[in-house]
Every structure is written in structure tokens, then in C-alpha cells.
Amino acid sequence: MAPTILTVLQSCQDKVLNSRDLLVLNDEQDDLIKAIADTILPRTGSPSASDVKVDRFIDLLLQDVFEDDVKQKFLQGLSQFDSDCQNSTGSSFLDLKESERYDYLEKIDKEIMEQEYDDLAPFYYTFKHLTITIYFTTEQGVKQNLNYMPIPGSYVGEVDLKPEDKIIIGNRM
């Protein structure tokens with residue numbers, strides 16, 4: 001009996017060790033979200049979107065915040081995004097090289113991001129805004145990309161901006 005219990009416990013431990021502890025997303029969906037988000041916000045002198053766990057935050061939003069119909073639309077949009085990529089490029093977004101991912105998103109960006117949407121925005125439009133919002137609400141995203149001044153000083157109407165300067169942001173984003 002002891003070897004049986006030990007085997008069961010070992011298999012459970014392996015599951016936990018191999019699991020990403022995702023709440024809603026499966027591993028492939030998580031990989032796709034990371035790939036898209038990292039193409040939007042790649043690692044440069046600052047962390048990438050996946051470095052600050054944008055994918056985990058999206059998974060948490062899907063679990064705890066989004067209503068079931070919104071969650072399903074998001075997941076359908078993610079699947080449709082990859083299908084559209086396959087139809088356009090012949091490959092899944094995950095199978096594209098980094099430069100091909102960038103080229104594909106640049107094409108999508110031109111088609112989608114330059115338009116105004118009243119109600120139902122396309123998946124990519126929502127995804128990009130969500131990714132950027134999450135990124136700039138993380139400690140790393142703020143500290144490495146923004147000069148945060150919680151208490152405003154005196155008003156200065158015109159300030160020279162040097163190439164090495166960061167964007168200055170106060171309490172309101």
C-alpha cells in the first residue's frame with residue numbers, strides 16, 4: 001500500500017512542478033499571449049511584457065474580473081487572432097520568427113489601431129491597450145520607464161526634453 005500512495009503523491013508533485021498554475025488559460029494560450037505581448041513591448045533597456053508577468057495578470061483578470069461572456073469573447077478573439085495569422089502568413093504566431101511577428105503586428109496595427117471604435121473593438125485593439133495598461137501599472141514598468149513625481153511642484157509650461165529623459169507622470173495616468 002505504501003508504494004501506491006508514494007506513486008500517487010509523486011505523480012501529483014510532478015503535476016504541480018510542471019504546471020504554470022494558470023487559472024483560465026491553457027499553456028498554449030499563455031504562450032500566445034506572451035508572444036503577442038512581448039512583440040508589442042519587447043525587452044530592451046527595460047523589461048518585456050512577459051518579464052513583468054502581463055500574461056499572468058491577464059489570466060487573473062479572466063478568472064476574477066471579466067464576466068463569462070467577456071472571458072469567452074477574449075478567448076475566442078485570441079484563437080481567431082492565431083487563425084488569422086495562419087491564414088495570412090502560413091504559420092501560427094508562435095511559429096513565426098521574431099522579425100515576422102513584428103511585421104505581422106505592424107500590419108495589423110495599421111489596420112486596427114488607427115480607427116475609432118464605439119462599442120465592439122477588435123481583439124487586437126483591446127489586447128494592445130490591456131497589455132500597455134498592465135505593463136505601466138507594474139512596479140518595473142513604472143520605475144524603469146517613467147519618472148514618477150507623486151507631489152507636483154510648481155507649474156512649468158515649457159520643459160526641454162533630452163533624448164535620454166523619461167516621460168514624467170504624476171498621480172493621474
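The values are calculated or read from the model by the stated rules, or taken from the named source; none is laboratory data. Because the structure is a prediction, the values reported are computed rather than measured. So basically every Cβ, Gly included, is an ideal-geometry build from the backbone, and we count neighbours across all protein chains shown.
Only one residue in Thr126, Thr89 is out of contact with any strand residue (DSSP E or B) (no Cβ under 6 Å at 6 or more places or on another chain), of a type outside the set (Asp, Glu) and within 27 Å of Lys143 (Cα to Cα), so which one is that? It would help to see each step written out before you state the result.
Numbers: Thr89 fails: within 27 Å of Lys143 (Cα to Cα).
Result: Thr126 is the single residue among Thr126, Thr89 that is out of contact with any strand residue (DSSP E or B) (no Cβ under 6 Å at 6 or more places or on another chain), of a type outside the set (Asp, Glu) and within 27 Å of Lys143 (Cα to Cα).
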Let me spell it out: the conditions are (1) under 24 Å from Leu120 (Cβ atoms); (2) part of a helix (DSSP H, G or I); (3) modelled with pLDDT under 95; (4) among the hydrophobic types (A, V, I, L, M, F, W, C), and Ile33 meets all of them except one. Which number is the exception? (3)
Just name the residue that is surrounded by the most Cβ atoms within 10 Å (Cβ to Cβ) out of those in the range 135-158 that are at pLDDT below 80, assigned to a helix (DSSP H, G or I) and out of contact with any Lys or Arg (no Cβ under 7 Å at 6 or more places or on another chain). Gly141
Which members of the range 83-130 meet the condition of being polar (S, T, N, Q) and farther than 17 Å from Leu32 by Cα? Gln115
Take the conditions more than 19 Å from the chain's Cα centre (by Cα), assigned to a helix (DSSP H, G or I) and modelled with pLDDT under 90 and apply them to Glu111. Does it pass? yes
Given the residues Leu62, Leu75, which is the only one that is closer than 13 Å to Ile33 by Cα and either at pLDDT below 95 or assigned to a loop (DSSP other than H, G, I, E, B) (or both)? Leu62
Which numbered condition Tyr117 misses (of (1) within 26 Å of Thr137 (Cβ to Cβ); (2) in a helix (DSSP H, G or I)): (2)
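Mind listing just one residue for me: the one in the range 39-51 that is assigned to a loop (DSSP other than H, G, I, E, B) and more than 9 Å from the chain's Cα centre (by Cα) and, of those, farthest from Tyr124 (Cα to Cα)? Steps first, please.
At the first step, the residues of the range 39-51 found to be assigned to a loop (DSSP other than H, G, I, E, B) are 41-51.
Imposing the further condition that a residue be more than 9 Å from the chain's Cα centre (by Cα) reduces the set to 42-48, 51.
Numbers: Pro42: 17, Arg43: 20, Thr44: 22, Gly45: 25, Ser46: 23, Pro47: 22, Ser48: 18, Asp51: 20 Å.
The qualifying residue farthest from Tyr124 (Cα to Cα) is Gly45.
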Taking Glu116 and the conditions (1) at pLDDT below 95; (2) buried (at least 17 other Cβ atoms within 10 Å of the Cβ); (3) not basic (Lys, Arg), which numbered condition does it fall short on, given that it satisfies the others? (2)
Taking the range 32-57 and keeping only residues that are in contact with an Asp or Glu (Cβ under 8 Å, 6 or more places away or on another chain), surrounded by fewer than 19 Cβ atoms within 10 Å (Cβ to Cβ) and basic (Lys, Arg), one is left with Arg43
